[in-house]
Every structure is written in structure tokens, then in C-alpha cells.
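Values quoted throughout were computed directly from the atomic coordinates according to the rules given, and no laboratory measurement underlies them. Quantities reported herein were computed from a predicted structural model and do not represent experimental measurements. Don't worry about glycine lacking a Cβ; one is built from the backbone with ideal geometry, like all the others, and counts go over all protein chains shown.
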Amino acid sequence: MPAHTSVDDRRRPPVPVVRAALMLRVSTRAQATAYGLDAQEEAGRAYVSNRPGWTLPPDLIFRDEGVPGTVVDRPGMRELEEAARRGRVDAIVVHNFDRIGRTGEAFWTWIWAMEDLGVVFVSVTQDIDTSTPLGRQQLQSHAMTAEAEWNLVRDRTQAGRRQKALAGGWPCGPAPWGYAIEGRDRRRSVLVVDDGEVSVVLKAVSLIVDEGRSISAAVGELNHLGLLTRSGRPWTVANLHRRLTSQSLLKGEVIFRNPVGTGTNRTKLAMAGLPLHGDSVTIPVPRIISAERARALSDAMEKNGHRAHAAAAVYPLSGRIVGRCGHHYVGAYRNSDDTRYYRCGGGNNGKGRRTGCRDPYLTALDVEESVRAEIVTFLADSEHVEKSAAALIKPFPGDIGKQRERVAGFESALQEKERAVAHAAADLARRPYLDPTVMEAAMRQLKEDVRTASMLLTKGREILARQMEREADAARVMELIATARAGTRELSETEWGDVVALLNVRVRPLGEVRKRSGVKCKVTDWHDRTGILVPDEVLVARWPAVEALMRSFFPRPQFARGAVCIRTQLNGILHRLRTGGLWDELPERYGSWQLVKDRQNTWFKKGFWPVLVGHLNSAGGGTRVRKEAQVPPLDITWHS
């Protein structure tokens, strides 16, 4: 028997089904592993369960662990955006709206991005639902209040730091090398010389100035003596160079909010290039070395050629080659023969004894050419290119077309509200008999509406500018890939570096290459560059003609300085060029390999080698020179 349904039940509209998603975020890892995320999830689940018709699929719970609220591009939000684009989300539940973002840019970027997809936000603790006009108005008020509070805290913090710096105190951050912070937990904290680190500083300076060592040699000596970095890790050339060129060491001062600083923690600058949160402050610190000693250090570092190392700073595969020991290769430079190469970090600075790293040095030119060839082959596949481009070019959240419409709407709304304020002011001026309290309240509300509209327009323009910037970047990516693919022009080193980064290239050497002296064989390179064949072995019957050629070229006879004749040495040279072996692998029948090598280099230096090769090749025969691979087989992968 069917269940009885009343007339009222049949007339009542069905409860709409709302597919909810939870967005959870905490700013620190400590919160993520403690109670923060779990508490948010529990409250969000309870909220959804108490809303009729609402559902929460298990795979629609997104987490951003340890991500500050000032960051826009967050992994969890990106995944949530993708789910919304697939039409799987109707409403996003947050514990509090500051979980979306603590700054206007982070907050409104995601509010509007989801609004473009028809998705609304609800807050568990604030009882705000953006699907209603009242909820949107409450949201605007909350956003303005939250950003004002965040700016106030930031400004107070920055002002306090500057005041501390002006007083000669240490405002924030770790102490420079050779110093320690005294009174860290008190209001007055200052930098003092750290006796433990000073011994390392002075030893490093002595190695450079007094012993005339290069920075690379100084690094090796410091690590050998166990005089390691503050963190207890071995020194690297780049790390020691940064420490030895610091203003605290060379000038006895530190610049707080230095506008020319570098690195991820550099001072934020305004449009004019000045520090965003206040003027720079120079903080004097106790000198570790005298001004005269500092000048001698600077002169010695410039003299030992470290700047030549920096001149070859284009290493597109640095950090992208993974050695068998698990460490990454980094770019390096050798002054002696002007060569760029890559070396495994697992073997640098004496770490090989601990890591067991035996990964070979890789000549930069050779490994980069191998990677470029693979990339060109990859780019020839249209389907792969399209997939890679789609994965690489992540647009700034939101629809740029709808954002343009939104900004245009904000501009019109602001103009309308400004006209309303002007009209109301003129109207009230004609009615002096009205209650002043009522007049003041009316004008205050109108001006607040103008302020809100102005804030929304400002944020809308900022986000539109970011979207347009990302769109321009995407166009550049596609142009760069298209150029590399078509080969219409030669890409510069920097552009190839961009392609490598865009494709997220990863390289893993699969074998070994035999260790060479590092000095290129000029004869091998000459044959390879010119394409001139290496002659066949010189038989006894042809030797009289070769001897006659030698007499015509050299004023003095050529003599062998060993137990073998010149013809045998010549055949040893040709054998090595045909086989691509190392000099010390030359078979014993050719005599001392050192003497054979000297013979070859002398003939080439004096210009006889091309003459001799031309004579020998006139009879026909010959083979291509064999250059042994300078890099092992490589496993090259990329993002696809």
C-alpha cells in the first residue's frame, strides 16, 4: 500500500540538492599536524549535515597545509577550481572567510573565480552565504574589515622594526655571518660578534688574502679542517663568496630594507623602486676585520678570477640532473680552459666520502645539446605539445572576460555612487531645516558606499592586471615553444633555459663516461669541425713519400725519441683518432703514448698536420674521426 502523501506535501517545492566542498587551510605546518585542519573539517562536516539537501562527497575535501593567507596560487584551491570547472561543486564551505585569503588580492581572486563558475561560498562561523544579496553585502564588509586589520598589524610591525633599526637594534631575521643576536627575547636586541664563528671568518679571510688561494681552494681547506657553515654543512663556493662579500664584513654595517637586495627575502619595493614599508636604515655593527683588511679581501677575490665564474652563469640544467647518489648536479666553471660543466652535488666539497658519489662531471655543451635534441624531437609531436602547454600554462584564477565585465560594472557603480553623494550634498544644502544627525548619518552611509565601490574597483583592476600578465606569459610560452619546434631561428641560451624550465625537464645519467684530463684534443676537434677524414694506416710502401713531404716542410729532420720509428708513431696517432680512445690506452706497439701525443701536438701546432692529412687522403680511403661521448646515455623526461 503506497504511503499517504498530504496535499500540502505535494505543493511544497522539493529541497534543492547542493553539492558542497570543504576548503581547509592553515598557515603553518605545526597547525597542520596539530588541531587546525581537523577542527575545520569537523565543523565543516557538521555544518553540511545540518543543511537539508546538502551533500559532501569524500573527494571534495581540499587542504592547503602550511600555506599563508597572502598566497593566491595554492595547490588545494587549484584542485578545487578544477572540480568546480567540471561542474561538481555548487557551494564551498569554509570555517571562516580568512581561510580563503587574508589580503584583498588573495581573497577576491578566489571569490570572483568561483563566482565566474556559479559557485557560492558559505562560512561556518560567520553565518554568511554569498548566494543571497545580504550575504554578498556582508562579505564585502568582512573583506574590508579583515584587510584593514591585516594592514594595521603589518604597518605596526614594520614601524616597530624600523624604530628598532634606527635605535641601532637588530629588527628581525637571522644574524649575519660572524655575529649573534644578544637580547633576542628582550625589547633591545643587538648584534654582537660571535666568538665561535669569528675563527671561521678569519681563517677564510686569511686563506684568500695571505695565502692567495682561490675561493674554491679556500672552500676545500675549510671543509678539510672541519670549519663548516653555521648549519654544520660543508661550504660551497657560492655560499662562501656571499659571506665574504657581505656588507657586514666589508663595511661594518647592515642595511635594513635594502632596495638592491636579492633572494626570496629581499625587500618589497614600491613602483618608484623604493622600499614599500618605509625608508632604508643603515645599522652599524662591530667590525670583524679592519677597513684596510676588507679592501685587501675585495682585491684578492677580484684577482683570483671568481668573476669569471659568474660570467658563465647560464646553466639551464642546474638542479635538473639527478645523479645515481640521489643528489642534483649544479653548474660549474673552469677558468683554465674556459669550460662550463655540471658536477654532482653529492661529491662536492668532500661529501663524496659520505655519499659514496662517483657520478662523473658532465661537459655542459654536450649534455645540453643532447637535451635540446630530445626536446626538438618531443616538440615535433603536436599532441604532446598541446598537452604540455595546457599543463604548463596555468592561468590566473578566474575568467578574464568576465573580470573585464566586472571591472566595467565596478567603474559604473562607483561613478553612480559618487554622483549620488554629490546630489545628496547639494540637496541637503537646500534643506537646512533637516535634522543634522539624520543628514550626517545619510552622508556617512553614502560615503561608505563610495568607499566600498572604490575598494572593489581597485581590487578588480589589480586582479585583471594579474590575469592579463599571466595571459601575456602564456602567449610568450607558446611563442617560445613554437619557435623551438619550428627551428625558424636559433634560440638564445636564456631562451633555451626558459624552454627547459617550462617543460620541467629532468635528466638522469644511465651510465658512466671515462674520466678525461679535461683538456680538449685540438686535432680531434679539427677533424670533427672540418669533416676531414682520418687517413688509413700508413704502410711501408708509402713511407718514402711521407718522409719526402716532411723534409720539404721541416728544415731539420724529424726523429723519434724512443724505440719506435716515426711511421709507427704516426700510425699510433691515426689509430687513436679512428678509435676515440684515451691516450693512456694506446696499444704498446705504438711506443710511449706520451711521445706519440707530443708528436701529434707538435705537428698540429706547426701547421704540418693538415698538410700531411691532405697528402695521405689523396690516395682515397679514410674514416670519420671518432669522438667518444662526453656524456653517458641520458634518461630525459619532462612534464606532460
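Of note:
- Fraction of alpha-carbon pairs over 20 Å apart in the range 534-597 - percent: 28 percent
- Whole-Hz couplings from phi, Karplus 6.51/-1.76/1.60, listed for the range 202-212; x for Gly and Pro: 5, 5, 4, 5, 5, 4, 7, 7, 7, 9, x
- Proportion of all alpha-carbon pairs of the range 400-502 beyond 23 Å (%): 56 percent
- For W54, W526, order by how many other beta-carbon atoms lie within 10 Å, fewest first: W526, W54
- Fewest-first sequence of H615, H95 by Cβ atoms within 10 Å of each Cβ: H615, H95
- Residues in the range 73-99 reached by a label modelled at A39 [backbone nitrogen below 20 Å; 7 Å Cα→Cβ]: 93-99
- By average C-beta atoms within 10 angstrom, highest first, the peptides 421-432, 215-226, 42-53: 215-226, 42-53, 421-432
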